[in-house]
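The values are calculated or read from the model by the stated rules, or taken from the named source; none is laboratory data. What you see is a predicted model, and the numbers here were worked out from it, not measured in a lab. Cβ: placed from backbone, ideal geometry, glycine included. Neighbour counts: every protein chain shown. Ligands, DNA and RNA are stripped out before the accessible areas are found, and what is left, the full protein with its side chains, is counted by its heavy atoms. Shrake-Rupley method; radii C 1.70, N 1.55, O 1.52, S 1.80 Å.
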Amino acid sequence: MNKSGKFYGIGVGPGDPTLITMKAAQILSKVDMVIAPAADKESLALKIARPYINCKVIEMNFPMISNKNKLNDIWDKNVKTIQEILQEGNNTAFITLGDPMIYSTYTYILSRLCGYEAETIPGITSFCAAASKVNIPIAEGDAPFAVIPVKDKKLLEKTLKDFDNVVLMKISRNYDDVVKVLKENGFCAVLVTHCGQEDEKIEFDLDKYLGRGVSYLSLIIAWRDKK
């Protein structure tokens, strides 16, 4: 019986293939199989990692749906496939945008893969890359900061009261409300969309996209205006 393969979770960064870590590139070049999560179109993580891959690739469907029962069924089915691959002795990498431990499909896979050797390779987060792009620190000195997905207005308002520096993720679903609340609470902000990709956009005038919406791969770095 073959020894089970090792499972790697690899963060490939926000979009620029040169922002992949050396360790991630080394592992991608030597594993037996790479799994790329995909929804309804080509996997962006795969596009980023492609230059470093020398093996077979499986694009595994993880649709963006809210039905938890359906999601659990899909995760269970995909985990079973991954287990079969590992049991055949294949060292396997699961690639993901940004860092594998932050809002990543990888964590749901990892929690279901009990009994298998696993190693997680960190990646550069989209918000760290975005802050570097605009040369604006997320926080300085001993100042705390918050990173939140903007699920509802109450959570956003509470966070802005408690923190002077915030990173807002998943803003596409209620962008107009986000901009309004930031203004009401005296925050300056920058919008970064598709960070590190060819169609990257950086915008300090958040009003520009009111009523138009922004891409899912968008975030806002905001800080309290103390002038």
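From the residues in segment 60-93 that are out of contact with any helix residue (DSSP H, G or I) (no Cβ under 8 Å at 6 or more places or on another chain) and under 24 Å from ARG50 (Cβ atoms), which one is surrounded by the fewest Cβ atoms within 10 Å (Cβ to Cβ)? So that I can check it myself, show each step before the final result.
Narrowing segment 60-93 to residues out of contact with any helix residue (DSSP H, G or I) (no Cβ under 8 Å at 6 or more places or on another chain): 64, 66-74, 76-77, 80-81, 83-90.
Subsequent filtering for residues that are under 24 Å from ARG50 (Cβ atoms) retains 64, 81, 85-86, 88, 90.
Numbers: MET64: 8, THR81: 12, ILE85: 20, LEU86: 24, GLU88: 13, ASN90: 19.
Among them, the one singled out is MET64.
Can you pull out every residue in segment 15-50 that is of a type in the set (Gly, Ala, Ser), out of contact with any Pro (no Cβ under 7 Å at 6 or more places or on another chain) and free of Cβ contacts under 8 Å to residues at least 40 places away in the same chain?
Residues satisfying the conditions are ALA25, SER29, ALA38.
Name every residue in segment 184-207 that is free of Cβ contacts under 8 Å to residues at least 12 places away in the same chain and surrounded by fewer than 13 Cβ atoms within 10 Å (Cβ to Cβ), in order of residue number.
Taking segment 184-207 as the starting set, the residues that turn out to be free of Cβ contacts under 8 Å to residues at least 12 places away in the same chain are 184, 198-199, 201, 205.
Result: GLU184, GLU198, ASP199, ASP205.
Are any residues in segment 40-59 open to solvent by less than 90 Å² (accessible area, probe 1.4 Å) and assigned to a loop (DSSP other than H, G, I, E, B), and if so, which ones? Spell out how you get there, then give the answer.
Going residue by residue through segment 40-59, those that are open to solvent by less than 90 Å² (accessible area, probe 1.4 Å) are 43-46, 48-49, 52-53, 55, 57-58.
Those that are open to solvent by less than 90 Å² (accessible area, probe 1.4 Å) and assigned to a loop (DSSP other than H, G, I, E, B): SER43, ILE53, CYS55.
Within segment 201-215, how many residues turn out to be closer than 16 Å to SER172 by Cβ and assigned to a loop (DSSP other than H, G, I, E, B)?
From segment 201-215, those closer than 16 Å to SER172 by Cβ are 201, 203, 206, 208-215; that's our starting set.
Then drop every residue that is not assigned to a loop (DSSP other than H, G, I, E, B), which leaves 210-215.
Count: 6.
What do you reckon, is GLY15 at pLDDT below 95, in a loop (DSSP other than H, G, I, E, B) and either over 13 Å from the mean Cα position of the chain (by Cα) or more than 27 Å from GLU200 (Cβ to Cβ) (or both)? Give the derivation first.
Values: at pLDDT below 95: yes; in a loop (DSSP other than H, G, I, E, B): yes; either over 13 Å from the mean Cα position of the chain (by Cα) or more than 27 Å from GLU200 (Cβ to Cβ) (or both): no.
In short, no.
Within segment 109-143, which residues are farther than 25 Å from CYS195 by Cα and either within 14 Å of the chain's Cα centre (by Cα) or basic (Lys, Arg) (or both)?
Across segment 109-143, the qualifying residue is only ARG112.
Looking at ALA49, ALA24, ALA39 in this structure, which one is modelled with pLDDT under 90 and hydrophobic (A, V, I, L, M, F, W, C)? Talk me through it step by step, then tell me what you get.
On the way: ALA49 fails: modelled with pLDDT under 90; ALA24 fails: modelled with pLDDT under 90.
Step by step, each of ALA49, ALA24, ALA39 is checked, and only ALA39 is modelled with pLDDT under 90 and hydrophobic (A, V, I, L, M, F, W, C).
Of the residues that sit in segment 208-225 and are open to solvent by 40 Å² or more (accessible area, probe 1.4 Å) and without any contact (Cβ under 8 Å) to a residue 40 or more places away in the chain, which one is nearest to LEU44 (Cα to Cα)?
Applying the filter and picking the extreme gives ARG212.
Here is a check on your reading of the model: is LYS23 of a type outside the set (Val, Ile, Thr), out of contact with any strand residue (DSSP E or B) (no Cβ under 6 Å at 6 or more places or on another chain) and open to solvent by 30 Å² or more (accessible area, probe 1.4 Å)?
Details: of a type outside the set (Val, Ile, Thr): yes; out of contact with any strand residue (DSSP E or B) (no Cβ under 6 Å at 6 or more places or on another chain): no; open to solvent by 30 Å² or more (accessible area, probe 1.4 Å): yes.
In short, no.
Filter segment 131-150 down to residues that are aliphatic (A, V, I, L, M), within 19 Å of LYS170 (Cα to Cα) and assigned to a loop (DSSP other than H, G, I, E, B), then give me how many there are.
Filtering segment 131-150 for residues aliphatic (A, V, I, L, M) gives 131, 134, 136, 138-139, 143, 146-148, 150.
Restricting the remaining residues to those that are within 19 Å of LYS170 (Cα to Cα) gives 131, 138, 146-148, 150.
In the following step, the residues that additionally are assigned to a loop (DSSP other than H, G, I, E, B) were identified as 138, 150.
Residues in segment 131-150 being aliphatic (A, V, I, L, M), within 19 Å of LYS170 (Cα to Cα) and assigned to a loop (DSSP other than H, G, I, E, B): 2 in total.
Suppose we filter segment 111-123 for residues that are in contact with a Pro (Cβ under 8 Å, 6 or more places away or on another chain) and either open to solvent by 60 Å² or more (accessible area, probe 1.4 Å) or in a helix (DSSP H, G or I) (or both); how many remain?
Keep residues of segment 111-123 that are in contact with a Pro (Cβ under 8 Å, 6 or more places away or on another chain), which gives 120-123.
Next cut, either open to solvent by 60 Å² or more (accessible area, probe 1.4 Å) or in a helix (DSSP H, G or I) (or both) only: 122.
Number satisfying all stated conditions: 1.
Of the conditions (1) crowded, with 16+ Cβ neighbours inside 10 Å; (2) at pLDDT below 95; (3) over 22 Å from PHE7 (Cβ atoms), ASP152 fails just one. Which one is it?
With respect to (1) crowded, with 16+ Cβ neighbours inside 10 Å; (2) at pLDDT below 95; (3) over 22 Å from PHE7 (Cβ atoms), ASP152 is out only on (1).
Of the numbered conditions (1) part of a loop (DSSP other than H, G, I, E, B); (2) within 21 Å of VAL192 (Cβ to Cβ); (3) not aliphatic (A, V, I, L, M), TYR175 fails exactly one; give the number of that condition.
(1)
Within segment 62-77, track down each residue that is part of a loop (DSSP other than H, G, I, E, B) and hydrophobic (A, V, I, L, M, F, W, C). Don't jump to the end; show me each part of the working.
Step one: list which residues in segment 62-77 are part of a loop (DSSP other than H, G, I, E, B), which gives 62-67.
Within segment 62-77, PHE62, MET64, ILE65 qualify.
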